[in-house]
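The values are calculated or read from the model by the stated rules, or taken from the named source; none is laboratory data. Model, not experiment: these values are computed from the prediction. Note: ideal-geometry Cβ built from the backbone for every residue, glycine included; neighbour counts use all protein chains shown.
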């Protein structure tokens with residue numbers, strides 16, 4: 001089963017008014033991640049989710065509840081809010097991310 005990794009860096013909170021790592025951890029909702037159709041086909045409720053903040057070296061893990069459409073990128077990729085449950089802070093371990101701030105591994 002794949003794992004979805006999403007990045008909630010402190011720099012995006014200040015520049016793009018996105019939810020912070022703390023706020024995402026608290027609410028279980030990550031803002032507007034661009035996900036391609038091929039990636040979307042791999043993402044089903046119940047799979048593992050990793051929430052990262054590489055700026056402050058923090059990590060939390062939980063489960064995917066759902067993806068809810070939230071606009072489009074300039075290049076035509078659908079953005080989704082990522083709804084999670086049971087996010088728990090765990091020791092930091094880095095992950096490779098694509099330029100859209102996600103990874104599926």
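At a glance:
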| read-out | value |
| --- | --- |
| Residue in segment 75-97 that is more than 17 Å from residue 40 (Cβ to Cβ), without any contact (Cβ under 8 Å) to a residue 24 or more places away in the chain and more than 14 Å from the chain's Cα centre (by Cα) present | no |
| Single residue of 11, 15 found to be outside any strand (DSSP E or B), over 26 Å from residue 91 (Cα atoms) and at pLDDT below 95 | 15 |
| Odd one out for residue 18, checked against (1) in contact with a helix residue (DSSP H, G or I) (Cβ under 9 Å, 6 or more places away or on another chain); (2) surrounded by fewer than 17 Cβ atoms within 10 Å (Cβ to Cβ) | (2) |
| Looking only at segment 55-76, and only at residues there that are out of contact with any helix residue (DSSP H, G or I) (no Cβ under 9 Å at 6 or more places or on another chain) and outside any strand (DSSP E or B), the one that is farthest from residue 35 (Cα to Cα) | 57 |
| Residue 95 surrounded by 15 or more Cβ atoms within 10 Å (Cβ to Cβ) and not in a strand (DSSP E or B) | yes |
| Qualifying residue in segment 46-56 (condition: modelled with pLDDT under 95, out of contact with any strand residue (DSSP E or B) (no Cβ under 6 Å at 6 or more places or on another chain) and more than 12 Å from residue 6 (Cα to Cα)) | yes |
| Members of segment 25-45 found to be without any contact (Cβ under 8 Å) to a residue 40 or more places away in the chain and assigned to a loop (DSSP other than H, G, I, E, B), listed by number | 41, 44, 45 |
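Each row is one residue, and each column tells you yes or no for (1) modelled with pLDDT under 95; (2) under 11 Å from residue 30 (Cα atoms).
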{"position": "67", "(1), (2)": "no, yes"}
{"position": "72", "(1), (2)": "no, no"}
{"position": "77", "(1), (2)": "no, no"}
{"position": "80", "(1), (2)": "no, yes"}
{"position": "84", "(1), (2)": "no, yes"}
{"position": "90", "(1), (2)": "no, no"}
{"position": "93", "(1), (2)": "no, no"}
{"position": "100", "(1), (2)": "yes, no"}
{"position": "104", "(1), (2)": "no, no"}
